[in-house]
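Engineer: Sharing a structure with you now.
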DNA sequence: ACCAATGGTTGAAGTTGGCAACGATCGCCT
DNA sequence: AGGCGATCGTTGCCAACTTCAACCATTGGT
């Protein structure tokens, strides 16, 4: 009351708490990686690929914030595992589109099962609080991301 | 409205939105890493070390969910940069405690300046909504993490 | 038909990551 | 006191990740 909170302090606190939530959840992520026997970058790549929407290699590189040549190696190994297929574009034959195979879709589903549900701390909130939280985040993040 | 939301759907939606927020913010993280000229694991390690609380190598390995031998290499490079110092324990001479040097503290401060504030979507909420969000997260995460 | 620009690959060098083996140290046990 | 299993950090090995520069194929404009 005596210390007027700066305009950003509540948002910063929320951000810090979310960061802690993620940090605490990283163990689950690594466990999921070894469960499907893929490295973390391979899992991130596979989860980024929508089965119904072929993606150029360079777009994946952008999503993963890394070099094109890096994606080449990661996709090589995903292709060795038959989870992904490269398909040369028709309009522009330089770009190669990434398709998720049937096996890839299955692994994606398994990963979503392992990683898609909320971590325990969020589930400890009452249903009303959960809805309130989701509504706030929806308003903040919305379509912007 | 016709489909009654399952008990966990609101929490899952909140989790998904938080994940998107993190994904969208990863660019800032990499930018901060190159700004201080450290690799992502080095930044994670340095941020994990409280300057006032020396930490054993193995504890850092636990925090980072990786092998002890991995931390050896990361700390080697941090020590080359004079950001961290190893100090053998007195009670148990097997463990080596990690101390943050003055330069390390400065880099940590710079990183906190770059990464500590909330990302733009959270700031778009009104102050009241920010407080509401922080309160919900505080209740969920609390001391558990 | 040239020519700069783009998408993806290759090669080199350094970092990360896990695993097995090792040396040093500790705690316990007799 | 001495011995012995367990623990902490390091080293060596190898696979994967990451960036950078160089390269090839292809594109679009001139």
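Engineer: Angle check, please: helix A:102-115 long axis (alpha carbons) against the longest principal axis of chain A (alpha carbons), in degrees 0 to 90, nearest 10.
Structural biologist: Tilt relative to chain A: about 10 degrees.
Engineer: Among B:114-123, B:63-72, how do they line up by average Cβ neighbours within 10 Å per residue, starting with the highest?
Structural biologist: Working: B:114-123: 18.1, B:63-72: 14.2.
Packing order, densest peptide first, comes out as B:114-123, B:63-72.
Engineer: If you put a point 7 Å past Cα along the Cβ direction, how far is that point for residue A:114 from the same point in each other copy, in nm, smallest first?
Structural biologist: 3.1
Engineer: Using a label point 7 angstrom from Cα along Cα-to-C-beta, what distances in nm, from shortest up, separate residue A:68 from the other copies?
Structural biologist: Its label point is 4.5 nm from the equivalent points in the other copies.
Engineer: Partner chain Cβ atoms within 10 Å, averaged over the residues of A:33-43 - can you pull that number for me?
Structural biologist: That average works out to 0.
Engineer: Over the Cα atoms of segment B:26-120, each weighted equally, I'd like the Debye log10 I(q)/I(0) at q = 0.10, 0.20, 0.22, 0.25 Å⁻¹, rounded to two decimals.
Structural biologist: Log-scaled intensity ratios, in q order: -0.26, -0.96, -1.14, -1.39.
Engineer: Output the Kirkwood hydrodynamic radius of segment B:18-71, Cα pairs only, in Å rounded to one decimal.
Structural biologist: Taking every pair of different Cα atoms in segment B:18-71, averaging 1/r and inverting gives 12.5 Å.
Engineer: Moving to a separate point now. Divide, for the protein assembly as shown, the radius of gyration over alpha carbons by 2.2 N^0.38 Å, where N is the residue count.
Structural biologist: This ratio for the protein assembly as shown stands at 1.12.
Engineer: For label points placed 7 Å from Cα toward Cβ, what is the shortest-first list of nm distances from residue A:27 to its copies?
Structural biologist: Once sorted, the set of distances for residue A:27 reads 3.4 nm.
Engineer: Taking every residue in A:115-127, how many Cβ atoms of other protein chains lie within 10 Å of its Cβ, on average?
Structural biologist: That works out to 6 on average.
Engineer: So what is the diffusion coefficient of segment A:98-141 in µm² per second by Stokes-Einstein at 37 °C and 0.692 mPa s, using a Kirkwood Rh over Cα pairs?
Structural biologist: On the way: Rh = 12.7 Å.
Calculated translational D: 258 µm²/s.
Engineer: Can you compute the helix-only [θ] at 222 nm over the protein assembly as shown? Use -39500 (n - 2.57) per DSSP H run of at least 4 residues, normalise by all residues, nearest 500 deg cm²/dmol.
Structural biologist: About -19500 deg cm²/dmol.
Engineer: Here's a follow-up. For a quick check, take a GNM of chain A with Cα springs below 10 Å and name the residue from A:106, A:88, A:134 with the largest mean-square fluctuation.
Structural biologist: Judging by the Gaussian network model, the answer is A:134.
Engineer: Now for a different question. May I ask for the angle, rounded to the nearest 10°, between helix A:68-80 and the longest principal axis of chain A, with both axes built from Cα atoms and the value confined to 0 to 90°?
Structural biologist: 70 degrees
Engineer: Rounding to the nearest 10 and keeping the result within 0 to 90°, find how far the Cα-based axis of helix B:9-35 lies from the longest principal axis of chain B.
Structural biologist: Here the helix axis deviates by roughly 40 degrees.
Engineer: In segment A:70-133, what is the volume of the convex hull around the alpha carbon atoms, normalised per residue and reported in Å³?
Structural biologist: Convex hull of Cα atoms, per residue: 159 Å³.
Engineer: Give, in nm to one decimal, the length gained when the segment between residue A:109 and residue A:88 is fully stretched (0.36 nm per residue of separation minus the Cα-Cα distance).
Structural biologist: My answer for the length gained is 5.0 nm.
Engineer: Can you give the FRET efficiency to the nearest 0.05 for residue A:50 and residue B:65, using r as the Cβ-Cβ distance and R₀ = 25 Å?
Structural biologist: Here the calculated transfer efficiency is 0.35.
Engineer: How crowded by other chains is B:47-60, given as the mean number of beta carbons from other chains within 10 Å of each beta carbon?
Structural biologist: Neighbouring Cβ atoms belonging to other protein chains average 0 per residue here.
Since every read-out is calculated from the coordinates, none of them should be taken as a lab result. Values in this document were obtained by computation on a predicted structure and should not be read as measured data. Counting neighbours? That spans all protein chains shown, and the Cβs are built from the backbone with ideal geometry, glycine included.
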